[in-house]
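What follows is a short report on a single structure.
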Amino acid sequence: MKFDNLVFVSHPIIKEAIMAKVRLDNGKEVSVVCGEGLYSSSRAGLRKACNSVEDAASFEVMIGDEVSGWQGREEIDLLMAKAELEDEV
């Protein structure tokens, strides 16, 4: 799974945020978000509103119960690749 395969939609709870969720083949769930109050940055600034993936500079990523803030697209690719190699849930 690569960052470019993620499909972003409006966050269901945070009005000024976007999110993508995917379940890896080993059952691990990955959540990638960007927006107001999240550990991310956008054109609007640090932890500010983000309404499209093109406006995002960095993202908050949750894999299982582990959260990583301010991750770039390439770093997300690496995090997902590492998670895919780990044992099944």
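A short reminder: the numbers here are calculations on the coordinates, not readings from a lab. Worth saying up front: this structure is predicted, and the values here are computed from it rather than measured. Virtual Cβ from ideal backbone geometry, glycine too; neighbours counted across all protein chains shown.
Values for this structure:
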quantity	calculated
Enumeration of residues in segment 26-68 that are of a type in the set (D, E, K, R) and within 17 Å of LEU78 (Cβ to Cβ)	LYS28, GLU60, GLU66
Test: residue in segment 71-81 that is under 10 Å from the mean Cα position of the chain (by Cα) and in a strand (DSSP E or B)	yes
Residue that is surrounded by fewer than 14 Cβ atoms within 10 Å (Cβ to Cβ) and in contact (Cβ under 8 Å) with a residue 12 or more places away in the chain, where the choices are VAL32, VAL22, VAL7	VAL7
Filter result (part of a loop (DSSP other than H, G, I, E, B), among the hydroxyl-bearing types (Ser, Thr, Tyr) and more than 11 Å from the chain's Cα centre (by Cα)) within segment 24-55	SER52
Inter-residue pairs, beta-carbon under 7 Å, first closer than 17 Å to ARG23 by Cβ and in segment 65-81, second assigned to a strand (DSSP E or B) and not polar (S, T, N, Q), 6+ apart	ILE76/VAL32; ILE76/PHE59; ILE76/VAL61; LEU79/VAL61; LEU79/ILE63; MET80/VAL30
